[in-house]
Amino acid sequence: MEDMFQVGIITSPHGVRGEVKVFPTTDDNNRFKKLKECYIEYKNELMPVKAKGCKFFKNMVILKFEDFDNMNDVEKFRQCKILVDREHAVSLDEDEFFVADLLGMQVVDEDMNPLGELADVIETGANDVYVIKNKQGDEILIPAIKDCILDVNMNERIMKVHLLKYSDD
């Protein structure tokens, strides 16, 4: 399982006081209001930083970090990822999982016949859709709903699913 989760990408400095514009890569932008400790991936190294302020502007988040007080201090962080460790990630409800933890999981049907590996998660308006790739490279799309996702065993890294019947009618 992943230890670090990406929550955003710094796009540019914002103003002259060391704030940065962040494109959020999390599905809950409000998580930035509680963000305190995080990391900036800079030159393939993780730099620990402390967030001390957050504002929202259109689809972007404006963040202020401690010890960075002018535009020149943060200019170098353009296109850098912002990550949090598992300890500082948002808490999940029962039957909720981080996408990073699901990727690569083996997927089987109700009879434990292998279907493939969970390769991607597509976020739609209604529910997520899991993309399962088999050994031949074919894809199976499964909606992430209770009728289809029967069990997720994180310890064994196996997801048991029910395939819905398809009709051309």
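The values are calculated or read from the model by the stated rules, or taken from the named source; none is laboratory data. Everything quoted here is computed from the prediction, not taken from an experiment. Because the Cβ atoms are built from the backbone with ideal geometry, glycine has one as well, and the counts that use them run over all protein chains shown.
Return the only residue of VAL121, VAL129 being farther than 21 Å from ILE9 by Cβ and either outside the structural domain of LYS34 (by TED's automatic domain parsing) or polar (S, T, N, Q) (or both).
On the way: VAL121 fails: farther than 21 Å from ILE9 by Cβ.
Of the residues listed, the single one that is farther than 21 Å from ILE9 by Cβ and either outside the structural domain of LYS34 (by TED's automatic domain parsing) or polar (S, T, N, Q) (or both) is VAL129.
Given the condition of a type in the set (D, E, K, R) and touching a residue at least 40 places away in the same chain (Cβ under 8 Å), answer yes or no: does some residue in region 82-93 qualify? Don't jump to the end; show me each part of the working.
Taking region 82-93 and keeping what is of a type in the set (D, E, K, R), we get 85-87, 93.
With the extra rule that they be touching a residue at least 40 places away in the same chain (Cβ under 8 Å), the set shrinks to 85-86.
Within region 82-93, one or more residues are of a type in the set (D, E, K, R) and touching a residue at least 40 places away in the same chain (Cβ under 8 Å).
Filter region 80-118 down to the residues that are of a type in the set (Val, Ile, Thr) and either in the same structural domain as LEU63 (by TED's automatic domain parsing) or under 14 Å from the mean Cα position of the chain (by Cα) (or both), then identify the one that is nearest to ASP28 (Cα to Cα). Step through it out loud before you land on a result.
Quick first cut of region 80-118, residues of a type in the set (Val, Ile, Thr) only: 82, 84, 90, 99, 107-108.
After this cut, where a residue has to be either in the same structural domain as LEU63 (by TED's automatic domain parsing) or under 14 Å from the mean Cα position of the chain (by Cα) (or both) as well, the list is 82, 84, 90, 99.
Working: ILE82: 15, VAL84: 14, VAL90: 9, VAL99: 13 Å.
Only one residue tops the list, namely VAL90.
What's the number of the only condition in (1) modelled with pLDDT of 95 or more; (2) of a type in the set (Val, Ile, Thr); (3) not assigned by TED's automatic domain parsing to the domain that holds PHE32 that ILE140 fails to meet?
(1)
For region 66-98, which residues satisfy the criterion of being aliphatic (A, V, I, L, M) and either closer than 11 Å to GLY18 by Cα or in contact with a strand residue (DSSP E or B) (Cβ under 6 Å, 6 or more places away or on another chain) (or both)? Explain how you work it out, then say what you get.
Kept after step one, since they are aliphatic (A, V, I, L, M), are these residues of region 66-98: 71, 74, 82-84, 89-90, 92.
Listed by number, the residues that qualify are MET71, VAL74, ILE82, LEU83, VAL84, ALA89.
Out of everything in region 20-64 that is of a type in the set (S, T, N, Q) and under 15 Å from ILE9 (Cα atoms), what residue ends up being modelled with the highest pLDDT? Show your work before the answer.
Step one: filter region 20-64 for residues of a type in the set (S, T, N, Q), giving 25-26, 29-30, 44, 59.
Pick out the ones that are also under 15 Å from ILE9 (Cα atoms) and you get 25-26, 29, 44, 59.
Working: THR25: 89, THR26: 84, ASN29: 84, ASN44: 92, ASN59: 89.
That would be ASN44.
With the requirement that a residue be surrounded by 16 or more Cβ atoms within 10 Å (Cβ to Cβ), assigned to a helix (DSSP H, G or I) and not aromatic (Phe, Trp, Tyr), what does region 69-85 give you? Spell out the reasoning first.
Within region 69-85, the subset surrounded by 16 or more Cβ atoms within 10 Å (Cβ to Cβ) is 71, 74, 77, 80-84.
After this cut, where a residue has to be assigned to a helix (DSSP H, G or I) as well, the list is 71, 74, 77.
MET71, VAL74, listed by residue number.
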